[in-house]
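Only one structure is covered here, and it is reproduced in the block below.
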Amino acid sequence: MSTFKGKTVIVTGAAMGLGLAASKVLAEKGANLSIVDYNEEALSKAKEEINAIAPETKVLTVVADVSDELAVINYIDKTVSEFGRIDGFYNNAGIEGKQAPLVEYDINVFKKVIDINLMGVYYGLKHVIPVMQKNGGGKIVNVASVGGIRGVINQMPYVASKHAVSGMTKNAAIEYGKDNIFTNAIAPGAILTPMVAEAFKQVNPADPKAAEKEYAQRNPTRRLGDPKDVGNLVAFLLSDECQYVNGQTIAIDGGESNLYGNS
């Protein structure tokens, strides 16, 4: 089993969904955590849930809007002040936006998706990497999506932002691999998080569970992913066991992306 004893990991978007799931896995493996989210109440609840399963884990909470560069600098500075170093960074915070055709998409929602999903990830990389350089290295996991490796109908800004995350991951990997900094991205498919549940409500407002069940039947595994599935992958990519994986966008979708284009 991977161990993170004595290591510090920042997780953004940590109050729920994939961020919270990964935080719990990392806590169980001994990491000190700096958990970041814009929702203060949900963040406090997340800390309680983490400490309930890993009482010895040190958890710093920082309220921040990742689309604000000064807020990003603040959560990094607070983490270093509290723990002295940053060994891992799960650059997870993101939003889906709304579902609408390209020509009808609300430009203000479009810009918000780009600000959070693209610029938020970029600001995190920009300010975490220098800390890792001083530490002698580190591991970074950005969150793309299957929407970062293919198109998704009615989700133009989301797809654009997640393709950008995949591209930034490649560049960070080739620029900073020499500093013992490994940067990868994950591309989750339909993992049953609150954000995905909300998407099913948009698809079928009258019966979102029916939409969920229909979607799951398209997957080779005939189920949606569990957030802990993603947490386990993130923990591996942030661990010392991951020593030669760099610049990759790894799909975690039950194999569904291999079906696209096939009837």
When both residues are 6+ apart or on different chains and their Cβ atoms are under 7 Å apart, which pairs have a first residue that lies in segment 225-253 and is closer than 11 Å to ILE186 by Cβ, and a second that is open to solvent by 40 Å² or more (accessible area, probe 1.4 Å) and in a helix (DSSP H, G or I)?
GLY231/LYS24; ILE252/ASP229
Is it the case that segment 147-156 has a residue that's among the aliphatic types (A, V, I, L, M), open to solvent by 20 Å² or more (accessible area, probe 1.4 Å), part of a helix (DSSP H, G or I) and farther than 15 Å from GLY88 by Cβ?
yes
Which numbered condition trips up GLN99, out of (1) surrounded by fewer than 16 Cβ atoms within 10 Å (Cβ to Cβ); (2) closer than 19 Å to ALA22 by Cα?
(2)
Counting only residues that are surrounded by fewer than 17 Cβ atoms within 10 Å (Cβ to Cβ), over 30 Å from GLY138 (Cα atoms) and among the charged types (D, E, K, R), segment 199-237 contains a total of 8
Considering every residue within segment 116-129, establish whether at least one is without any contact (Cβ under 8 Å) to a residue 24 or more places away in the chain, of a type in the set (S, T, N, Q) and assigned to a helix (DSSP H, G or I).
no
Does GLU214 satisfy being among the charged types (D, E, K, R), within 25 Å of GLY254 (Cβ to Cβ) and more than 22 Å from the chain's Cα centre (by Cα)?
yes
List pairs: first residue in segment 203-224 and touching a residue at least 40 places away in the same chain (Cβ under 8 Å), second residue in a helix (DSSP H, G or I) and aliphatic (A, V, I, L, M) anywhere in the structure, Cβ distance under 6 angstrom, at least six positions apart or on different chains.
VAL203/ALA211
Anything in segment 160-197 that is modelled with pLDDT of 95 or more, open to solvent by 20 Å² or more (accessible area, probe 1.4 Å) and β-branched (Val, Ile, Thr)? List them, or say none.
ILE174
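The values are calculated or read from the model by the stated rules, or taken from the named source; none is laboratory data. Since the structure is predicted, the reported quantities are computational estimates derived from the model, not experimental observations. Note that each Cβ is placed from the backbone with ideal geometry, even for glycine, and that neighbours are counted across all protein chains shown. The accessibility values were calculated without ligands, DNA or RNA, using every heavy atom of the protein model including side chains. Shrake-Rupley method; radii C 1.70, N 1.55, O 1.52, S 1.80 Å.
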